[in-house]
Amino acid sequence: MQQLVDQIKTIDFQSEIYKDAYSRINAIVIEGEQEAHENYITLAQLLPAQEKELIALSKMESRHKKGFEACGRNLKVTPDLEFAKKFFLGLHENFQTAAKEGKVVTCLLIQSLIIECFAIAAYNIYIPVADDFARKITEGVVKEEYSHLNFGEVWLQKNFTESKAELEQANRQNLPLVWRMLNQVADDAKVLAMEKDALVEDFMIQYGDALSNIGFTTRDIMRLSAYGLVA
Ligand code: Y39
Ligand code: FE
Ligand code: FE
Ligand code: FE
């Protein structure tokens, strides 16, 4: 704890090195929120019975995007959106392909489990080391991300038996991308005082809990989680 307190006191939010790293991490979050907004609109088309709820989630994602844009402006940082688009390309293409094929289970795994768990891990680790302005924004956002994760968990739990095989396949296809993404941002995250080990740990806890809530056994969860590690 004392170590964290000392570390935060020494973060210079206006240093060139901080702002340079922030230009990529902030862009990733802005682009991520934009894509999440679009993904929930697509999911609303795939799940017309839950259209209202999904459109509400998509609107929350656009508010998140606006909040994080304000965080960048507050630090006088220009987000590197080109970098961020490339960062999400793999998951983006897999989501698009699945949507075209009507594979709602794969779409839910990518957005509501993988991306939401990634967001929750990143925001939880960021909050204690954020500047005051960004901390308040991020605290409001992360609460809503839990409700997005919950949407995916509830739907997949209700449809577990029919979804199991597709979930396994989608996990195998997409979890390795998350580890590659984490490796790509590790150096920039470290400049923001976010440790890669802490991000990995928080992600695994969220994702493992989600798989358990959906109905996977501990044995299944171990097997599913192992797919990332070889990437
Ligand atoms: O559902 C959502 O709002 C998720 C889109 C937002 C993505 C956040 C991605 C966070 C990754 C940041 C990595 C920083 C180390
Ligand atoms: Fe989000
Ligand atoms: Fe969001
Ligand atoms: Fe979300």
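Quick notes on this one:
- When residues in the range 3-61 are screened for being more than 16 Å from ligand 1 (Cβ to nearest atom) and hydroxyl-bearing (Ser, Thr, Tyr), 2 of them pass.
- Meets criteria (in contact with a Leu (Cβ under 9 Å, 6 or more places away or on another chain), farther than 15 Å from Ile28 by Cβ, more than 16 Å from ligand 4 (Cβ to nearest atom) and aromatic (Phe, Trp, Tyr)) for Phe151: no
- Some residue of the range 159-171 being under 25 Å from Ala27 (Cβ atoms) and without any contact (Cβ under 8 Å) to a residue 60 or more places away in the chain: no
Let's see how each residue does on (1) assigned to a helix (DSSP H, G or I); (2) within 14 Å of ligand 1 (Cβ to nearest atom); (3) at pLDDT 95 or above:
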{"site": "Phe87", "(1), (2), (3)": "yes, yes, yes"}
{"site": "Thr97", "(1), (2), (3)": "yes, no, yes"}
{"site": "Gly102", "(1), (2), (3)": "no, no, yes"}
{"site": "Thr106", "(1), (2), (3)": "yes, no, yes"}
{"site": "Ile125", "(1), (2), (3)": "yes, yes, yes"}
{"site": "Glu144", "(1), (2), (3)": "yes, yes, yes"}
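- Filtering the range 83-100 to residues that are under 17 Å from the mean Cα position of the chain (by Cα) and either surrounded by 19 or more Cβ atoms within 10 Å (Cβ to Cβ) or in contact (Cβ under 8 Å) with a residue 12 or more places away in the chain (or both) leaves Phe83, Ala84, Lys85, Phe87, Phe88, Gly90, Leu91, His92, Asn94, Phe95.
- Of residues in the range 65-82 being part of a helix (DSSP H, G or I), without any contact (Cβ under 8 Å) to a residue 60 or more places away in the chain and of a type outside the set (Lys, Arg), the one surrounded by the most Cβ atoms within 10 Å (Cβ to Cβ): Gly72
- Residue count for the range 51-65, restricted to those that are within 9 Å of ligand 4 (Cβ to nearest atom) and not charged (D, E, K, R): 3
- Tabulated pairs, the range 38-64, first more than 18 Å from Val105 (Cβ to Cβ) and within 16 Å of ligand 2 (Cβ to nearest atom), second assigned to a helix (DSSP H, G or I) and hydrophobic (A, V, I, L, M, F, W, C), C-beta under 6 angstrom, 6+ apart or interchain: Ile55/Ala44; Ser58/Ile41; Glu61/Ala36; His64/Val141
- Residues in the range 1-44 that are polar (S, T, N, Q), at pLDDT 95 or above and assigned to a helix (DSSP H, G or I): Ser23, Asn26, Gln34, Asn39, Thr42.
The values are calculated or read from the model by the stated rules, or taken from the named source; none is laboratory data. Bear in mind that the values here come from a model prediction, so they are computed numbers and not experimental data. We place every Cβ from the backbone using ideal geometry, glycine too, and count neighbours over all the protein chains shown.
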